[in-house]
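Everything on this sheet refers to the single structure shown next.
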Amino acid sequence: MSEDDQMKRRRFLQATGASALTVGLAGCSGGGNGNGNGNGNGNGNGTETPGSDVSYPYGANEIRIGEAKAVMEEAGYGPDNRFELDWLQYVSPAWGEIAETVRGRLEQAYIDMNTSEADFGQLLDKTENGDMQAFTLGWVADYPGARNFLQLVDPENTIYDAEGISPNGARLFWSEDAYTDTDVRDSMTEQFDRIQNNPENTDEAQSTRADATRKIEELIWESAAMLPIYHSVEDSYWYDRVDYNPPGGMGGSRAKASNSVQGIEGSDTLNGTSVTLNSLDPIASGNTSSGNKIMDMFDAPMNYVNGTTEVEPLIVEDYTVSEDLTEYEFTLKEGIQFHGDYGEVTADDVVYSIRRLVESPNSTNTYFPISVLNIDREEDDDGNVVPGSTAVEATGDYTFTVTLRNAFGFTLEVLAYSAFSVVPEGIVGDIDGYEGEMEWSEFSSNPVGCGPFVFEEWQSGVGGEFRASAFADYHDGEPAVGNLSYTILSDPNSIYNRFVNGNADVSGIPTSQYDQSLVSIEEEDGVTQLGTYGPIGNDKTVNMARTPTIDTFYIAFNMEEVPKAVRQAMAYVITRDDFVSNVFKGRGESAFHLTPPQVFPGGPEGYQNHWQE
């Protein structure tokens, strides 16, 4: 890292409360608390929590039927008093295989398990309504901090049927009526408050957050409210003709093609494949594929550097942050142009864009400005945001401020999310004060941004196509690739076959087609492994990259419906290493914490030490 880069990184950390735990991921050493022993004393309230100073209690990769039966018998279950458990899972052959394995083991522990499947949207609806007992879900980092994962288990944030609460955690229904110890629930809340109330980038605050993180993980073990199963990796495969720089740990949805692809031999078009898109409006993109396309056509204030955890200014050139981490002032680059005839990007455009994200009825991404950043605002008696009250203000042609209700240490990272992308002021009349030049349905399928690629065409549905062309006046330099062309397919095998036939330049490979024996890892670049894969179906060997992504996939429970003994019994029969090796074919890492290794106190070493000690 150059001296200039080091200076910018130090300035970034000084300006925010971002945990220094992420520094190592960005390619710099030092700056963290260095405590990887798993149980630091911490600062703050420092109270002992139930389950503190214990290692993972259910066995790492052992089938403990005896312990599962014992905990069930102690709770009053037996051959003539069995528990019937309903498990709702992704539509996924891998999760189906796991469910069948778990079902057979639980039968021996007086639990009869029924399984059903749902696609992602249905699964979210059912779990939010509490129409399940056990379910599978995953969480991919919104920002590279432990808090982003641990908010999933903050009890009040898990209750989806309580009046006046707008939760965004896991669907645990961890209420006072849940099957759990009151002191465990209280301690969980207390420890999450320690994280939330100590956002500063001081040694004391970092130590407090680290200590609270470890204690929350122990409370998850104690309660068995959630059983983390694995952390995934992102594999990319590409032909030699592509000059390709694989995205980092935040994933491909946080990387612009203009940064990842620096050229294609003999072609000016990047050909790829995409699953179905739902909207091309930044405030309404509801899936990763739509977010990918929005990243290429729009720019937000900040940007993750090619999907790594490093955040840098994109449409802004300077910023200041108040000492209490609630006031942010930004200065835009001058001369940034929108696509088409929409002119220069100004502060008024940014204010309008963030207001739409908060206030528009079309916004499906209010979670980020309201629940995560908690931008200051007025609300009516029904909890709706009063039009025009969102605390984002233009203070000049190229300067604007954002005011938060509470201190938050990852504001700059969240402002890199595609939902905050800037659009021309007034282009859609879906917030107070604007009539709009387009109906929302038109803008959602024919968008205008200021990103590296200009929208050309979107034919929705399987067999359709998405196309965009390079923006010659892009403020960060014209992209090396002239065009993007993605065929829309839903079947993983069809996506793979298109790659094998040479019709896609870069692709993934579905687990059903993946053969671990064809992998040859030749070097490592930070956390990314680089090598080759093949020969594939066309007898060609392709390049590959494997990067651990910052995510956790888990089994969780409606705790108002499932007794603790049942949850613990399942914990005793889960064998993560077997699932990762045999079901996911080695493409992942066993998860013993909700917090992924990259953002766990002390990093991967601290992660391993904590659950094993």
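The values are calculated or read from the model by the stated rules, or taken from the named source; none is laboratory data. Since the structure is predicted, the reported quantities are computational estimates derived from the model, not experimental observations. Cβ placement follows ideal geometry from the backbone for every residue including glycine, while neighbour counts extend to all protein chains displayed. We work out accessible area using only protein heavy atoms, side chains counted, and drop any ligands, DNA or RNA first. Shrake-Rupley method; radii C 1.70, N 1.55, O 1.52, S 1.80 Å.
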Response to the item:
Considering only strands (runs of 3 or more DSSP E) wholly within the stretch 523-599, the ones with at least 1 residues that are open to solvent by 10 Å² or more (accessible area, probe 1.4 Å) and closer than 21 Å to residue 138 by Cα are 542-548, 551-557, 588-590
Item to complete: Determine which single condition residue 276 fails, assuming it passes every other condition in (1) assigned to a loop (DSSP other than H, G, I, E, B); (2) over 28 Å from residue 542 (Cα atoms); (3) more than 18 Å from the chain's Cα centre (by Cα).
Response: (2)
Response to the item:
Reported set for the stretch 365-399 where residues are within 19 Å of residue 143 (Cβ to Cβ) and assigned to a loop (DSSP other than H, G, I, E, B) is 365, 366, 373, 374
Worksheet item: Which residues, counting only those in the stretch 83-100, are touching a helix residue (DSSP H, G or I) at 6+ places or on another chain (Cβ under 9 Å) and open to solvent by 30 Å² or more (accessible area, probe 1.4 Å)?
Response: 90, 91, 93, 97
Worksheet item: Does residue 503 qualify as being open to solvent by 60 Å² or more (accessible area, probe 1.4 Å), touching a residue at least 60 places away in the same chain (Cβ under 8 Å) and within 26 Å of residue 545 (Cα to Cα)?
Response: yes
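Condition check ((1) touching a Phe, Trp or Tyr at 6+ places or on another chain (Cβ under 8 Å); (2) crowded, with 22+ Cβ neighbours inside 10 Å; (3) not in a loop (DSSP other than H, G, I, E, B)) across all residues:
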| residue | (1), (2), (3) |
| --- | --- |
| 240 | no, no, no |
| 243 | no, no, yes |
| 249 | no, yes, no |
| 259 | no, no, yes |
| 262 | yes, no, yes |
| 281 | yes, yes, no |
Worksheet, complete the sentence: Residues of the stretch 131-146 being in a helix (DSSP H, G or I) and surrounded by fewer than 23 Cβ atoms within 10 Å (Cβ to Cβ), in sequence order, are none
Practice prompt. For the stretch 294-311, enumerate the residues that are modelled with pLDDT of 95 or more and among the charged types (D, E, K, R).
Written response: 296, 299
Worksheet item: In this structure, is residue 126 modelled with pLDDT under 95, farther than 26 Å from residue 186 by Cα and either among the aromatic types (Phe, Trp, Tyr) or part of a helix (DSSP H, G or I) (or both)?
Response: yes
Worksheet entry | Out of 211, 193, sole residue that is surrounded by fewer than 22 Cβ atoms within 10 Å (Cβ to Cβ) and not β-branched (Val, Ile, Thr) | 193
Worksheet item: In this structure, does residue 517 turn out to be open to solvent by 40 Å² or more (accessible area, probe 1.4 Å), under 30 Å from residue 132 (Cα atoms) and without any contact (Cβ under 8 Å) to a residue 60 or more places away in the chain?
Response: no
Response to the item:
The residue from 511, 575 that alone is closer than 30 Å to residue 81 by Cα and out of contact with any strand residue (DSSP E or B) (no Cβ under 6 Å at 6 or more places or on another chain) is 575
Worksheet entry | Evaluation of residue 314 against (1) touching a helix residue (DSSP H, G or I) at 6+ places or on another chain (Cβ under 9 Å); (2) over 18 Å from residue 363 (Cβ atoms) (one fails), failing number | (1)
Fill in: Members of the stretch 67-82 found to be within 19 Å of residue 134 (Cα to Cα) and open to solvent by less than 50 Å² (accessible area, probe 1.4 Å), listed by number
68, 71, 72, 77
Discussion item. Here is a list: 539, 505. Which entry is modelled with pLDDT of 95 or more, among the acidic types (Asp, Glu) and not assigned by the TED database to the domain that holds residue 252?
Written reply: 505
Worksheet entry | Extreme residue, nearest to residue 169 (Cα to Cα), among residues of the stretch 600-613 that are open to solvent by less than 10 Å² (accessible area, probe 1.4 Å) and part of a helix (DSSP H, G or I) | 607
Discussion item. I'm checking my understanding of the structure. Among residues of the stretch 302-361 that are open to solvent by 10 Å² or more (accessible area, probe 1.4 Å), of a type in the set (Ser, Thr, Tyr) and not in a loop (DSSP other than H, G, I, E, B), which one is farthest from residue 475 (Cα to Cα)?
Written reply: 320
Worksheet entry | Any chance residue 186 is farther than 17 Å from residue 324 by Cα, out of contact with any Leu (no Cβ under 6 Å at 6 or more places or on another chain) and free of Cβ contacts under 8 Å to residues at least 40 places away in the same chain | yes
Response to the item:
When the stretch 381-410 is checked residue by residue, the ones that are within 17 Å of residue 368 (Cα to Cα) and acidic (Asp, Glu) are none
